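See below for the structure under consideration.
The values are calculated or read from the model by the stated rules, or taken from the named source; none is laboratory data. A quick note: this is a predicted structure, and the numbers were derived from the prediction, not measured. All Cβ positions, glycine included, derive from the backbone under ideal geometry; neighbour counts span all protein chains shown.
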There are 2 protein chains.
Amino acid sequence: MSGESDAAGRRGLSRRGLLGLAAGGGAAALALAGAGGFALGSRGARSDEAADVHPFFGAHQSGIVTAVQEHLHFAAFDMMPRSDRDDLIELLQDWSYASARMTQGLEVSATGAVGGPAEAPPDDTGEALGLKAAALTITIGFGPTLFENDDGDRYGIRDRRPARLERLPAFVGDDLDPAQSDGDLCIQVCADDPQVAVHAIRNLSRIAFGRAKLRWSQLGFGRTSRTSAAQQTPRNLFGFKDGTANILADDAAALAEHVWVGEGDGPDWLAGGSYLVARRIAMLIETWDRVRLSEQQRIFGRDKGEGAPLSGGAESDAPVLARLDAHSHVRLAHHDGNNGIRILRRGFNYVGGNNELGRLDAGLFFLSYQRDPAQFVTLQRALSTDLLNEYIRHVGSGIWAVPPGAQQGSFVGAGLFD
Amino acid sequence: MSGESDAAGRRGLSRRGLLGLAAGGGAAALALAGAGGFALGSRGARSDEAADVHPFFGAHQSGIVTAVQEHLHFAAFDMMPRSDRDDLIELLQDWSYASARMTQGLEVSATGAVGGPAEAPPDDTGEALGLKAAALTITIGFGPTLFENDDGDRYGIRDRRPARLERLPAFVGDDLDPAQSDGDLCIQVCADDPQVAVHAIRNLSRIAFGRAKLRWSQLGFGRTSRTSAAQQTPRNLFGFKDGTANILADDAAALAEHVWVGEGDGPDWLAGGSYLVARRIAMLIETWDRVRLSEQQRIFGRDKGEGAPLSGGAESDAPVLARLDAHSHVRLAHHDGNNGIRILRRGFNYVGGNNELGRLDAGLFFLSYQRDPAQFVTLQRALSTDLLNEYIRHVGSGIWAVPPGAQQGSFVGAGLFD
């Protein structure tokens, strides 16, 4: 490998990472690592707008409080059989290296899609050449099974598992598909350009070759939450504004209380991180669309047009819970009725096509970050009598511990292996 | 119904269309029609940018030469059993009415999502409230089975079927899924906001209630063609620029020669229209990604970085076909090697998730408009020895006659029933 380190803080992808990119390409692949430097690796159209580029390194991973982007590609991975601790470390190093580059609008490696030897498969798949960084964020998490599964303590990290990181309990009405749930690792990719998001998951999957395998993935569009007061409250596919009461990125006190794992909360390596819950919530669109407006509003507890609580006032006014239907969504979910428990929501709408009856395969890919999974569990249990449940089905689920951000020159999750 | 006509040129949705919106809502639905006027129906955030709003009425349907938008939701429909000619006419009237409104950034009807009686289901599903028109175009086509199928001449239009409108012949390597192919009707929705595109298909499906049913649908992002010189040539999921030699919207002579059905070409009702071919082309992403750069370039016949022909010059230079591999994609597809035959391409990339092996379910949703389906058939046959075929599978297919644009106050396809 080249002796130079680059802006991603490492000398480049590992030999294994390069082999993943070049799988099938043979020995020529190894020559790729020597090119070094950024000249060939730039996608050639880096944005001049700072808001379009988010830092990869920092105290927290980006993609949590970052202003929610327009598109999501989420992927869960399982480690390969017989992979060992070194494989896992190297994979996280490689993912961090490539992610640091891609989030800056660069190709996955210095030689990229066209700068390597013609006789090797390109490092970068190329479909994002010429596109901007598009506010890309890449956020990596560790599932309970990474620490221990039926094969035992594969990576020597069992005793570093956060006690709070365990598979979510069953909830009333769960109809989960195991093939669309869980995973040793997860990567949440958000961007304002779907091609940039897809490019990131695709290339990180390639890099994982031989070490981890894509288990399931989910695309989304149309954020259903906001993390910045500058963002309009978006609408879910039932046509209602959602996430009005979300925690905002500039509310440091609320983030410290509800989102970031604190110094004394659990293992030190997770301080500054968070817990991510994902729920794939199918929406029975055609059924909902036949419900009269007054009933739709009663179910949500909000007015459909403005999003104002039915108890009166404007969208941003706090609802008077006692004046809403006892089983309305807002009444059951609101922090005022749940001992002040709040979570940071970051979900996206999805439409996957339609089933054989012509009904839309559509819903909400719910994502939330919290300091303790118990926050989500408490709120989800409170929703067990939600009127909305007649119109939704939870069909996928997962939980991951999301480490703090990596320092320049290090990698996401490094503290787990100290 | 109200005596006033509105900007969409009709008095409103038909009683059947309103029943579709209100299915399950009972008699209250009928009251919706009387509200009239646009005040309540506006989504409230119409764009000030003219480029963001395309006309629905005109000589040609929009969405053909319109600068290609960022997102696609395409849907094929089958007419319901026992539907009759009046049902079909009324459906096309309702679709035209609602489409004219939505493309202007308005709700599907004057009363929309929140302006109707509280005791009825809303006309509009509401998820696009507050969003701009987002360059929405809605383009409607008629499949061969609309004119005649196993049930015969259901709508009294058999003798008006264009002789050229017939199911595409089988091509070498076809692996078509009938459930993802064909359809009595199609609607191509393009927009720069995916939520706006999804909203349009969803509401047009609702309006079709009892008359037509969604057969299959396809979402896409990342256009793979351009119809304006101002648009950069986009990249497909193999990382190559695609559509460099596409017909551009300002090339009136080429459009007249290759895209628009002429006065003497076929039935009069189709003059000013076109034929639309759709092909769902799955891409074997992981296999492709292991192919060396030189081979990838040989297969396409273009340089991956700039998109220049391998025969030399810049992207926009015409390739010297004899200097490319005899089975390269460009050599086989280029009009210079096909008696000057050209088509207007309007495809989109898609990613639907992944299969159980962790491989991406991804590819190209190919759309092309042509004056005569024979243009597509000739070009597709020329590709029978395309080197690219090792890496792609045609898994869906359809063809539709796309009528000319409707005049204000009329509806798409009116000429078919004269």
For segment A:341-370, pairs from a residue that is farther than 15 Å from A:Gly220 by Cβ to a residue that is in a strand (DSSP E or B) and among the basic types (Lys, Arg), with Cβ under 6 Å and 6 or more apart or across chains, are A:Gly358/B:Lys213
With respect to B:Phe376, determine if the residue is crowded, with 21+ Cβ neighbours inside 10 Å and under 27 Å from A:Leu204 (Cα atoms).
no
I'd like the full set of residues that are part of a loop (DSSP other than H, G, I, E, B), at the interface with chain B (Cβ under 7 Å from one of its Cβ atoms) and surrounded by fewer than 21 Cβ atoms within 10 Å (Cβ to Cβ), limited to segment A:209-246.
A:Gln232
May I ask you to list the residues in segment B:342-362 that are assigned to a loop (DSSP other than H, G, I, E, B), surrounded by fewer than 18 Cβ atoms within 10 Å (Cβ to Cβ) and either among the aromatic types (Phe, Trp, Tyr) or within 9 Å of chain A (Cβ to nearest Cβ) (or both)?
B:Glu356, B:Leu357, B:Arg359
Determine, yes or no, whether B:Asp193 is within 9 Å of another protein chain (Cβ to nearest Cβ) and farther than 22 Å from B:Ser397 by Cα.
yes
From the option list B:Ala98, B:Ala113, B:Ala128, B:Ala76, single residue qualifying as touching a Cys at 6+ places or on another chain (Cβ under 6 Å) and closer than 25 Å to A:Asn354 by Cβ is B:Ala76
Give all pairs with beta carbons closer than 8 Å in which a residue from segment B:142-171 that is under 13 Å from B:Met79 (Cβ atoms) and touching a residue at least 60 places away in the same chain (Cβ under 8 Å) meets a residue that is among the β-branched types (Val, Ile, Thr) and part of a loop (DSSP other than H, G, I, E, B); count only pairs at least 6 apart in sequence or on separate chains.
B:Leu146/B:Ile157
Determine which single condition B:Ser311 fails, assuming it passes every other condition in (1) in contact with a Lys or Arg (Cβ under 6 Å, 6 or more places away or on another chain); (2) at pLDDT 95 or above; (3) closer than 30 Å to B:His60 by Cα.
(3)
Going through segment A:65-74 one residue at a time, which ones are in a loop (DSSP other than H, G, I, E, B) and either crowded, with 24+ Cβ neighbours inside 10 Å or within 14 Å of chain B (Cβ to nearest Cβ) (or both)?
A:Val68, A:Gln69, A:Glu70
Qualifying positions in segment B:281-299 - within 11 Å of another protein chain (Cβ to nearest Cβ) and either crowded, with 22+ Cβ neighbours inside 10 Å or not in a loop (DSSP other than H, G, I, E, B) (or both)
B:Met283, B:Ile285, B:Glu286, B:Thr287, B:Trp288, B:Asp289, B:Leu293, B:Ser294, B:Glu295, B:Gln296, B:Gln297, B:Arg298
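A quick yes/no check of all residues on (1) farther than 21 Å from B:His394 by Cβ; (2) among the small types (Gly, Ala, Ser):
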{"site": "B:Gln297", "(1), (2)": "yes, no"}
{"site": "B:Gly313", "(1), (2)": "yes, yes"}
{"site": "B:Ser328", "(1), (2)": "no, yes"}
{"site": "B:Gly347", "(1), (2)": "no, yes"}
{"site": "B:Leu364", "(1), (2)": "no, no"}
{"site": "B:Leu367", "(1), (2)": "no, no"}
Over segment A:319-340, the set of residues surrounded by fewer than 19 Cβ atoms within 10 Å (Cβ to Cβ), assigned to a loop (DSSP other than H, G, I, E, B) and in contact with a strand residue (DSSP E or B) (Cβ under 9 Å, 6 or more places away or on another chain) is A:Val320
Matching option when the condition is within 28 Å of the chain's Cα centre (by Cα), more than 22 Å from A:Gly63 (Cα to Cα) and at pLDDT below 95, among A:Asn246, A:Asn338:
A:Asn338
I'd like to know if segment B:130-143 contains one or more residues that are surrounded by fewer than 24 Cβ atoms within 10 Å (Cβ to Cβ) and among the aromatic types (Phe, Trp, Tyr).
no
Over segment B:85-108, the set of residues touching a Lys or Arg at 6+ places or on another chain (Cβ under 7 Å) and either outside the structural domain of B:Ser62 (by TED's automatic domain parsing) or in a loop (DSSP other than H, G, I, E, B) (or both) is B:Gly105, B:Glu107, B:Val108
Among the residues of segment A:155-194, write down those that are of a type in the set (Val, Ile, Thr), in a loop (DSSP other than H, G, I, E, B) and at pLDDT 95 or above.
A:Ile157
For segment A:92-120, enumerate the residues that are within 29 Å of B:Glu70 (Cα to Cα) and within 12 Å of chain B (Cβ to nearest Cβ).
A:Glu107, A:Val108, A:Thr111, A:Gly112, A:Ala113, A:Val114, A:Gly115
Please specify each residue of segment A:307-320 satisfying the condition of being in contact with an Asp or Glu (Cβ under 6 Å, 6 or more places away or on another chain) and in contact (Cβ under 8 Å) with a residue 12 or more places away in the chain.
A:Gly307, A:Glu315
